[in-house]
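Here is the structure we will look at.
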Amino acid sequence: MRRRFRYRKGSPAKDQQKEPLSLRDLRQGEEAVLEKIDLPDDVCRRLMEMGFLPGTRVVAARAAPGGDPRVFRVDGIEVALRRETAAHLLLRVPHTPNAAGAP
Amino acid sequence: MSAIAGGGPASATPGPPVPPGSARPAGISRVIAVVGPPNSGKSTLFNRLTGLRQKVANFPGVTVEQKLGRIRLSDGTAALVVDLPGVYSLSPRSEDEQVTHDVLMGLTSEVPRPDTVLLILDSTNLARHLSLAASVLSLGLPTLVVLNMADELKTRGGDVDVAALAARLGVPVALISAASGEGWEAVLQFLGGSIAVPRPIDLPVISDIPKCHQWAARLGKEAGYSPPAPPLWTRRLDAVFLHPVAGPAIFGLVVVAVFQAIFSAAPPLMDLIDRGVAASGEWLAATLPASLFRDLLVQGVWSGVGSVLVFLPQILLLFLFLGLLEDSGYLARAALIADRTMAKVGLQGKSFIPLLSAYACAVPAVLATRTIENKRDRFATILIAPFMTCSARLPVYTLIIAAFLPERPVLGPLVGTRAAALLGLYALGFLAAVTTARLLKSSVLRSEKTPFLLEMPPYRMPTLRQVGLRLLDRAKVFLGRAGTVILGVSVALWVLAHVPPKAGHAPKIADSLVGTIGRAVAPTIEPLGFNWKIGVGLVTSLAAREVIVGTLGTIYGIEGDADAGGLQAALRRDLTPGGAVALLVFFAFAMQCMSTIAVVRRETGGWRWPALQFAYMGVLAWIGAFVANRVVTALVG
Ligand SMILES: Nc1nc2c(ncn2[C@@H]2O[C@H](COP(=O)(O)OP(=O)(O)OP(=O)(O)O)[C@@H](O)[C@H]2O)c(=O)[nH]1
Ligand SMILES: [Mg+2]
């Protein structure tokens, strides 16, 4: 059921620009490790209090119709975030990004 | 399970020092704060301890202000228990969290500073919830840690060693289920004994969240905590309710079914009440000797209050539906789904929760906005909440719809014309709300976006007891209002309708003081298609919306009209179709509710916003009704 996040062929632009990967890029069922939160201090604190800490595994769960906002599983609970917020929760990039396409 | 470990009443420590500046009421031996993360079951335990009925529901942010209760401890003394809003930490981000912070720190004059803490944590989520323990324990107050939801922990196969945790924390720990009551005596037992100040082991620096988290995780491990399996049913239900197609479709169906039930399931019960009221009224009229008092009782009280009482079944049906939404955990999903719509008007999904609760009543909805972190978003939500169709509008709507619209199937047997009309009125209110939000958020209340963060609770089966109690409480509120506001207005109206007496007899109602009042407002409302009787109803409905039904009941009761086919028939004789639609539109928009005005003043800290809101909604109501009257009259003739 759970899949590791992998780079998708569908978004080559992303690969080229090396735009940092974020929770926004996860699809339902995919999981990844959080690297850092790039948001104002008070929001960042609250997210950390809810369990979004660097080094934590996050799983993307279901979303509202249209894919936004999405529910994320972290530390045993589910928290809904908008895409625009999820984009600021950056993921730990796999060591060999280009080879990560293999399952 | 009911065992309470560690700490223990045996260790005789001197009573906790009373913090300076807090006046503990005489005869109170302890002030106990109930603290914990949102939705951990604080209010459930509070209700169990105090026997009160504070609101409990399955989503974060139910309690938004402190609530006090008294209990008698086993040593015979009385203690004050304070239920508080849930918090993720002791650094507040929203108004409700501020309340908890201020009460705990003794910064509010309304509550004496607590000297004992009941820390309620969700045992199914222990590792994370223990982070909060770090900050709460560092307050240095005598604390009992309550691990709640023991039943869920067990059924989902989790476990925790209470004694080991107590030893590590240096405070007593109890594993209970506040909902079923399992093990809750341990809490009472603890509160009755003398309580030691906590001596937790290597407490981390509170401001360092990752450290706190690691501490909590390690603690959990040392206490043999094995987290429960993921909530299987929640996953399954979300697969349906958050399905892109099935989810919204199911929701739509349920809503339509509720509206239809209001017109098809409730009427038999309403007839029963109606007949009871009519029969007892006739009995009174026949038994009592003819007197002014008898007329007051029969025409004033019975017709006035009786005409409102009839609507009890419909109101309870609405509350049954709202209660199921709140208790099941679906509400948080609804907020998730609504977030996109709310984003379009400049608000966020969290605003949707107060707005939904405004379908019951705007007053708790205005309070519930305290969970919205951004002050401007919060004010915008407060200002639009009274547009949502509250339950006090329901009697007015259903009375007029039933009087003017014959029931015919619209979509097969599922939806009739009346349910469709009612749905339309709810939609009209919602539309007015979001349009106004848009206006506000693009002008005076423009602000930076605050991220939408909402914790999704697991689904829980609403219990019969919980739903039943909720309906009972609602019925009490409704009957209470019928017995106070509506009774008072009915009696006052009856008296005003009998002065000034003409040659020792009561005047014709049109010549009485009531008629005078009605005629005074009549010129302003004639363009809307209303006569002076409706005018009187509009004046009295400023107290509360449903009062207009009682008022019309009294007026027609005095005229003797109510006998000839009841209130509906009297209205049909007195209102054109244009006027009827205009009246519905007027009620959809106008802010006729003293309690809402009062609570908006309190929550916004002045008269400015409620005055603006009252004027805006009033103007909108007048214009809307005017247009409705013209259009319908032109169409129907
Ligand atoms: N299964 C189970 N459910 C519980 C238990 N205690 C509370 N609940 C449910 O948990 C939900 C939240 O309970 P509340 O008492 O409203 O929680 P709260 O901590 O006061 O929540 P806020 O006021 O929002 O902070 C409700 O649906 C309760 O019925 C329990 O011991 N077991
Ligand atoms: Mg509560």
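We did not get these values from a lab; they are worked out from the coordinates using the rules stated. This structure is a prediction, so every number in the text was calculated from the model and none was measured. Here the Cβ positions follow ideal geometry from the backbone for every residue, glycine too, while neighbour counts run over all protein chains shown.
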Calculated log₁₀ intensity ratio I(q)/I(0) where the Debye formula runs over C-alpha points of the protein assembly as shown, q = 0.07, 0.08 Å⁻¹: -0.58, -0.73
Distant-in-sequence amide H partners of B:LEU175 (H built 1.01 Å from N, under 5 Å): B:LEU147
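Please work out the FRET efficiency for the pair B:LEU635 and B:ALA503, using the Cβ-Cβ distance as r and a Förster radius of 45 Å; give the result to the nearest 0.05. Walk me through the numbers on the way to the answer.
Working: r = 47 Å, r/R0 = 1.05.
The value I calculate is 0.45.
Do the sum for chain B: with -39,500 (n - 2.57) for every DSSP H run of n ≥ 4, divided by all residues, what is the mean residue ellipticity at 222 nm, to the nearest 500 deg cm²/dmol?
Values: 28 runs with 350 residues, N = 637.
For chain B, the value works out to -17000 deg cm²/dmol.
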Computed over chain B, the ratio Rg/Rh where both radii use C-alpha atoms and Rh is Kirkwood: 1.03
Shielding score for A:62-74, defined as the mean number of other chain Cβ atoms within 10 Å: 6
Orientation-averaged projected area, Cα convex hull of region B:571-626 (nm²): 4.1 nm²
Amide H within-cut-off set for A:ALA61, under 5 Å, with H built and near neighbours excluded: A:GLY29, A:VAL71, A:PHE72, A:ARG73
For B:GLY416, distant residues with modelled amide H under 5 Å away: B:VAL410
³J(HN,Hα) computed for each position of region B:164-179 - Karplus, 6.51 cos²θ - 1.76 cosθ + 1.60, integer Hz, glycine/proline x: 5, 5, 4, 5, 5, 7, x, 9, x, 10, 10, 9, 9, 10, 5, 5
Convex hull per residue volume in Å³, alpha carbons only, for region B:190-344: 321 Å³
For region A:20-91, alpha-carbon Rg relative to the globular expectation (2.2 N^0.38 Å, N residues): 0.96
Calculated from backbone phi, Karplus (6.51, -1.76, 1.60) coupling profile of region B:382-397 in Hz, x at Gly/Pro: 4, 5, 9, 4, x, 6, 5, 6, 7, 5, 6, 7, 4, x, 5, 4
Global geometry of region B:67-133, whether rounded, prolate or oblate, following the gyration tensor of its Cα atoms and the 1.5 cut on a/c: oblate
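Using a 10 Å cut-off around each Cβ of peptide B:334-347, what is the average number of partner chain Cβ atoms that fall inside? Walk me through the intermediate numbers first.
Values: counts 1, 3, 9, 5, 1, 6, 7, 1, 0, 4, 0, 0, 0, 0.
Per residue, the number of nearby Cβ atoms from other chains is 3 on average.
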Order by protection proxy (mean Cβ within 10 Å, highest first), peptides B:69-80, B:177-188, B:30-41, A:26-37: B:30-41, B:177-188, A:26-37, B:69-80
Chain B - share of DSSP beta bridges that are antiparallel (%, nearest 5): 40 percent
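What FRET efficiency comes out for B:ASP208 versus B:ALA520 if R0 is 56 angstrom and r is the Cβ-Cβ distance? Round to the nearest 0.05.
Details: r = 68 Å, r/R0 = 1.21.
Efficiency at R0 = 56 Å is approximately 0.25.
Expressed as cubic angstrom per residue, what is the convex hull volume of the alpha carbon set of region B:4-222? Could the numbers behind the result be given before it?
On the way: hull volume 25.2 nm³, N = 219.
It comes to 115 Å³ per residue, whole-number rounded.
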Cβ crowding within 10 Å averaged over residues, with B:270-281, B:130-141, B:610-621 ranked highest first: B:130-141, B:610-621, B:270-281
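Given the pairs B:LYS350/B:LYS476; A:LYS36/B:LYS449; B:LYS211/B:LYS441; B:LYS55/B:LYS533, which span a C-alpha to C-alpha distance of over 28 angstrom in this model?
Values: B:LYS350/B:LYS476 30 Å; A:LYS36/B:LYS449 21 Å; B:LYS211/B:LYS441 39 Å; B:LYS55/B:LYS533 39 Å.
In this structure, B:LYS350/B:LYS476; B:LYS211/B:LYS441; B:LYS55/B:LYS533 exceed 28 Å between Cα atoms.
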18 Å Cα-Cα reach of B:LYS221 towards aspartates and glutamates, excluding residues that sit fewer than 8 places from it in its own chain: A:ASP75, B:ASP122, B:ASP159, B:ASP161, B:ASP202
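Could you line up B:LYS67, B:LYS533, B:LYS350, B:LYS221 from fewest to most neighbouring Cβ atoms inside 10 Å? Walk me through the numbers before you get to the answer.
Working: B:LYS67 20, B:LYS533 24, B:LYS350 29, B:LYS221 11.
Least to most surrounded, the residues fall as B:LYS221, B:LYS67, B:LYS533, B:LYS350.
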Estimated FRET transfer efficiency (B:VAL255, B:ARG24; beta-carbon r; R0 45 Å; 0.05): 0.35
Karplus-derived 3J(HN,Hα), 6.51/-1.76/1.60, for each residue of region B:535-549, Hz, glycine and proline x: x, 4, x, 5, 5, 5, 6, 5, 5, 6, 4, 5, 4, 4, 5
